[in-house]
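Asks: Before I ask anything, here is the structure I am working with.
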Amino acid sequence: MIDKSSPLPIYYQIQEMIRKKMNAGEWEPGDMLPSERIFAEEFDVSRMTVRQAIIELVNEGLLRREKGKGTFVAEKKLEQTLQGLTSFTEDMKARGFEPGNVLNYFRVTEASSDAAKALNIKENDKVYEMQRIRLADKEPMALETTYINANLIKGLTEEHAGKSLYQYIEKELNLKIGFADQTLESAVAGKKEAELLSINKGDPILWISRLTHLQDDTPFEYVKSAYRGDRYKFSIHMPRDSHSS
Ligand code: 16G
């Protein structure tokens, strides 16, 4: 409980109390917290102090506020390790989620200058271009715009794009995926991303750009994606090289 004679600031003690209840499973993702007024009365502190405690936890991503509704325990973020090249479908299955796709569009078209440069092909070479909303247990997680070299990856259809691309490439075409180069940048959702990902304009997202190669080093896939910042975090294992002493 709150100890006013403690040297620990009161807002900090309130935060610790909230964290403990969340860790103990007493408050679970989606649960609504008591209002600031109720907290303030219960602990006999000002609403400002309660607000300070809550705002910091919102900024950490542990709580989320909904205008006119209240403060809720946030969903846990999915953690993806940046080791080994995996597909969205594999990632979701490994976590016990049901992967899903909403295919916004799929077309065979001439490569744009951007895609041609990335895939090391000519501007009028054919690419498959598609946009997919990737779902975990029916909840939107990421928006991916994908360009695939159509001369390398033959016979790709809307049906394959609605499932797993990597599975089609490896299991049906028997091609070997080698490696990918990927960059991650922080950004905020624009109107379009917000609508498609069921978040608000201005919410945090991670822009990820991936260039994937076959084992013979030929790039076959260029993907630009927006991952939800409130639902995703990436982790990296970093052994220290012997020469960096
Ligand atoms: C991941 C990849 C994406 C790839 C997709 C294939 C990122 C950050 N991730 O989502 O590039 O196209 O997996 O998944 O770019 P699929 O085999 O389930 O279609």
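Asks: Could you list, in sequence order, the residues of the stretch 63-75 that are out of contact with any strand residue (DSSP E or B) (no Cβ under 8 Å at 6 or more places or on another chain) and exposed (fewer than 13 other Cβ atoms within 10 Å of the Cβ)?
Replies: Answer for the stretch 63-75, where residues must be out of contact with any strand residue (DSSP E or B) (no Cβ under 8 Å at 6 or more places or on another chain) and exposed (fewer than 13 other Cβ atoms within 10 Å of the Cβ): K67, G68.
Asks: If I ask for residues that are of a type in the set (A, V, I, L, M) and either part of a strand (DSSP E or B) or over 19 Å from the mean Cα position of the chain (by Cα) (or both), which ones from the stretch 193-222 would you list?
Replies: Scanning the stretch 193-222 gives I205, L206, I208, L211, L214.
Asks: Considering each of E221, E170, E185, E193 in turn, give the residue that is open to solvent by 20 Å² or more (accessible area, probe 1.4 Å) and within 20 Å of Y105 (Cα to Cα).
Replies: E193
Asks: Being farther than 18 Å from D91 by Cα and in a loop (DSSP other than H, G, I, E, B) is the filter here, so list the residues in the stretch 132-175 that pass it.
Replies: Listed by number, the residues that qualify are A150, N151, L152, I153, K154, G155, L156, T157, L173, N174, L175.
Asks: Can I ask one more? Pick from K126, K138, K154: which is of a type outside the set (A, V, I, L, M), in contact with a strand residue (DSSP E or B) (Cβ under 8 Å, 6 or more places away or on another chain), closer than 19 Å to V108 by Cβ and open to solvent by 80 Å² or more (accessible area, probe 1.4 Å)?
Replies: K126
Asks: Does T86 satisfy the criteria of being of a type in the set (S, T, Y), modelled with pLDDT under 90, within 30 Å of M238 (Cβ to Cβ) and surrounded by fewer than 18 Cβ atoms within 10 Å (Cβ to Cβ)?
Replies: Considered against the rule, which asks whether it is of a type in the set (S, T, Y), modelled with pLDDT under 90, within 30 Å of M238 (Cβ to Cβ) and surrounded by fewer than 18 Cβ atoms within 10 Å (Cβ to Cβ), T86 comes out as no.
The values are calculated or read from the model by the stated rules, or taken from the named source; none is laboratory data. No experiment lies behind these values; they were computed from the predicted model shown. Please note: Cβ atoms are built from the backbone with ideal geometry, for glycine as well, and neighbour counts cover all protein chains shown. For accessibility, only protein heavy atoms count, side chains too; no ligands or nucleic acids. Shrake-Rupley method; radii C 1.70, N 1.55, O 1.52, S 1.80 Å.
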